[in-house]
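A.B. asks: Take a look at the following structure, please.
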Amino acid sequence: STGKFIMLKKLKSLFSSSIEIEEAEGRPQLIAINHDDYHAEHIGRAEDGSQFFLTTPFEPKFSNKEGCEYLALFKFDSEGNLIDSEVESFGPRGTFNEDKRKARYTELLKKLGKVAYQRIEIKPFSITYNKTEIGLIVREPEDYFYGAF
């Protein structure tokens, strides 16, 4: 299993001080993300006790696809299971109103109520929005691990 999940390990190297991965049989079972002021600024616990992270995932532009910028709020129970998600599409990079996206980002953060920014421990997950798979997705070696950061 040393060759497996190379992109997962690459993600870990990108966020070296922020992410830890618990594996079983070579597959990630739990992903711990430490709060920081850069990559993981808006993660922690919401007023209702749920874990959350608010992020801006994107779909890159390819020759046959224009790509898309998203805003995503993911909520998890105490065991790390995804319990709710709220995703919005803002269109291809450079084509949307950045002030509108920032205002909506702030609105989603306020919707959580009083929050405590801290480490979260979540299970890999994915949702489909706008025909695009978004999340912390484990794929076999020939595919990739896409992070929603």
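The values are calculated or read from the model by the stated rules, or taken from the named source; none is laboratory data. Fair warning: this is a prediction, and the values are worked out from it, not measured in the lab. Cβ sites come from the backbone with ideal geometry, for glycine too, and all protein chains shown count toward neighbours.
A.B. asks: Lys131: under 15 Å from the mean Cα position of the chain (by Cα) and among the basic types (Lys, Arg), yes or no?
C.D. replies: In short, no.
A.B. asks: List the residue pairs whose Cβ atoms are under 6 Å apart, where the first residue sits in segment 102-130 and is touching a residue at least 60 places away in the same chain (Cβ under 8 Å), the second is exposed (fewer than 11 other Cβ atoms within 10 Å of the Cβ) and not polar (S, T, N, Q), and the two are 6 or more positions apart or on different chains.
C.D. replies: Going by the 6 Å Cβ cut-off, the qualifying pairs are Gly113/Glu47; Lys114/Glu47.
A.B. asks: Another question about this same structure. Of everything in segment 64-78 that's assigned to a strand (DSSP E or B) and more than 12 Å from the chain's Cα centre (by Cα), which residue is modelled with the lowest pLDDT?
C.D. replies: Lys65
A.B. asks: Filter segment 48-63 down to the residues that are touching a strand residue (DSSP E or B) at 6+ places or on another chain (Cβ under 6 Å) and assigned to a strand (DSSP E or B), then identify the one that is farthest from Gln118 (Cα to Cα).
C.D. replies: Restricting to residues being touching a strand residue (DSSP E or B) at 6+ places or on another chain (Cβ under 6 Å) and assigned to a strand (DSSP E or B), the top hit is Glu59.
A.B. asks: Which residue is farthest from Phe52 (Cα to Cα), if the candidates are limited to segment 91-103 and must be surrounded by 14 or more Cβ atoms within 10 Å (Cβ to Cβ) and of a type in the set (Lys, Arg)?
C.D. replies: Arg93
A.B. asks: Within segment 14-36, is even one residue modelled with pLDDT of 95 or more, in a loop (DSSP other than H, G, I, E, B) and not acidic (Asp, Glu)?
C.D. replies: No; the residues of segment 14-36 include none that is modelled with pLDDT of 95 or more, in a loop (DSSP other than H, G, I, E, B) and not acidic (Asp, Glu).
A.B. asks: Which of the following residues is at positive phi, in contact with a strand residue (DSSP E or B) (Cβ under 6 Å, 6 or more places away or on another chain), modelled with pLDDT under 90 and not in a loop (DSSP other than H, G, I, E, B): Gly44, Gly135?
C.D. replies: Going through Gly44, Gly135 in turn, the sole match is Gly135.
A.B. asks: If you don't mind, there's one more thing I want to ask. Here is a list: Arg101, Arg93. Which entry is more than 21 Å from Asn34 (Cβ to Cβ), part of a loop (DSSP other than H, G, I, E, B) and among the basic types (Lys, Arg)?
C.D. replies: Arg93
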